[in-house]
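*Asks:* Before we start, here is the structure in question, set down as structure tokens.
The values are calculated or read from the model by the stated rules, or taken from the named source; none is laboratory data. Everything quoted here is computed from the prediction, not taken from an experiment. No Cβ is skipped: glycine too gets one built from the backbone with ideal geometry, and neighbour counts run over all protein chains shown.
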Amino acid sequence: MAVNELVAQSVVKEFSHKKKSFLALDHINLNIGEHEFVSLLGPSGCGKSTLLRLVAGLDKVSEGQILLRDQEISKPGRDRGVVFQQYSLLPWLHAWENVAFALKKDKTKSKQEKKELAFHFLELVGLKGFEDAYPSQMSGGMQQRVAIARALVYKPNLLLMDEPFGALDAQTRKEMQDLVLKVFTEARSSVLFVTHDVDEAIYLSDRVYVMSAKPGRIAKEIKIDLPKPRDWNVQLSEEFLKYKREILVELQSQKK
Ligand SMILES: Nc1ncnc2c1ncn2[C@@H]1O[C@H](COP(=O)(O)OP(=O)(O)OP(=O)(O)O)[C@@H](O)[C@H]1O
Ligand SMILES: [Mg+2]
């Protein structure tokens, strides 16, 4: 039987403010298999980031549970790497130091080993030769590559990405999608990927959870049976358009 990297069971998240409570997530059930790429797709405010933060251990569930390899999540950990929309690099550190910074607390590795790992992961994301650049000297796409290298450097089983390409132009975004597919294949991790973009979700994923808002729920789960490895041309295929239609119809029906 396939192993589950992550399982969310009846997860409820309520926010309280001045005696009023707000139901952000309503009984969410989902799972991510080992080495599976899963996307969360849905309208603004449906709770995608809230769910990702719960999985990252940055916030706590109100009800239900989230299990990572059968262990309940209670805090952030090195078994999960997180990439946010904003690159959040430290501006006073070189690219490689930003990556190595993620290994700061690792007492098992020497300074030299950490530097070598940082260089290795920068090469993996296509930044060989830019190890000594500062964030201010890099484009948005390059900074996001550094952020991805930083999330990968301690080899997490699960990579969490919250609209990582939202701030990038269309061409860079395409390049980054292919980079993520390559990294995903080489790092052999599982991915939970949050996006607004229907094409991006289909292109990258093995499975897509379509969410609805008010309250945030899983409206539909769609397995994407497109051949792998994928290249951009698949986006012109009949099968791709069939998935796109199915998702757009679901999102449209939510508006009624
Ligand atoms: N800390 C918080 N306190 C109160 N309400 C919150 C908090 N965080 C999120 N919410 C609310 O929960 C709902 C879901 O927010 P969330 O940011 O998860 O949505 P999202 O799907 O990521 O949206 P977007 O696509 O715009 O990023 C929103 O209505 C938001 O206002
Ligand atoms: Mg969000």
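*Asks:* Leu58 is checked against (1) closer than 15 Å to Pro164 by Cα; (2) within 15 Å of ligand 2 (Cβ to nearest atom) and fails just one. What number does that condition carry?
*Replies:* Checking Leu58 against (1) closer than 15 Å to Pro164 by Cα; (2) within 15 Å of ligand 2 (Cβ to nearest atom), the one that fails is (1).
*Asks:* Does Glu200 satisfy being within 19 Å of the chain's Cα centre (by Cα), modelled with pLDDT of 95 or more and surrounded by 18 or more Cβ atoms within 10 Å (Cβ to Cβ)?
*Replies:* Considered against the rule, which asks whether it is within 19 Å of the chain's Cα centre (by Cα), modelled with pLDDT of 95 or more and surrounded by 18 or more Cβ atoms within 10 Å (Cβ to Cβ), Glu200 comes out as yes.
*Asks:* Could I ask something else about it? Would you confirm whether or not the stretch 91-110 contains a residue that is assigned to a loop (DSSP other than H, G, I, E, B), more than 17 Å from the chain's Cα centre (by Cα) and among the acidic types (Asp, Glu)?
*Replies:* For the stretch 91-110, residues assigned to a loop (DSSP other than H, G, I, E, B), more than 17 Å from the chain's Cα centre (by Cα) and among the acidic types (Asp, Glu): present.
*Asks:* I would also like to ask the following. Let me spell it out: the conditions are (1) within 16 Å of ligand 1 (Cβ to nearest atom); (2) surrounded by 12 or more Cβ atoms within 10 Å (Cβ to Cβ); (3) basic (Lys, Arg), and Arg78 meets all of them except one. Which number is the exception?
*Replies:* Evaluating Arg78 over (1) within 16 Å of ligand 1 (Cβ to nearest atom); (2) surrounded by 12 or more Cβ atoms within 10 Å (Cβ to Cβ); (3) basic (Lys, Arg) leaves (1) as the failure.
*Asks:* Residue pairs, Cβ under 6 Å, 6 or more apart or interchain, first in the stretch 109-129 and surrounded by fewer than 21 Cβ atoms within 10 Å (Cβ to Cβ), second polar (S, T, N, Q) and modelled with pLDDT of 95 or more. List them.
*Replies:* Filtered contacts from the stretch 109-129: no entries.
*Asks:* Out of the residues in the stretch 39-60 that are assigned to a loop (DSSP other than H, G, I, E, B), touching a Ser or Thr at 6+ places or on another chain (Cβ under 9 Å) and of a type outside the set (Asp, Glu), state the one that is nearest to ligand 1 (Cβ to nearest atom).
*Replies:* Per the stated criteria, the residue is Cys46.
Okay, residues lined up against (1) within 16 Å of ligand 1 (Cβ to nearest atom); (2) of a type in the set (S, T, N, Q); (3) farther than 22 Å from Leu124 by Cβ:
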site	(1), (2), (3)
Tyr154	no, no, no
Phe165	yes, no, no
Val183	no, no, no
Ser189	no, yes, no
Leu192	yes, no, no
Asp197	yes, no, yes
Arg217	yes, no, yes
Asp225	no, no, yes
Ile247	yes, no, yes
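*Asks:* Is it the case that some residue within the stretch 138-147 is crowded, with 18+ Cβ neighbours inside 10 Å and farther than 17 Å from Arg173 by Cα? Walk me through it before giving the result.
*Replies:* Keep residues of the stretch 138-147 that are crowded, with 18+ Cβ neighbours inside 10 Å, which gives 138, 141-147.
After this cut, where a residue has to be farther than 17 Å from Arg173 by Cα as well, the list is none.
Within the stretch 138-147 (the criterion being crowded, with 18+ Cβ neighbours inside 10 Å and farther than 17 Å from Arg173 by Cα), the answer is no, since none of the residues qualifies.
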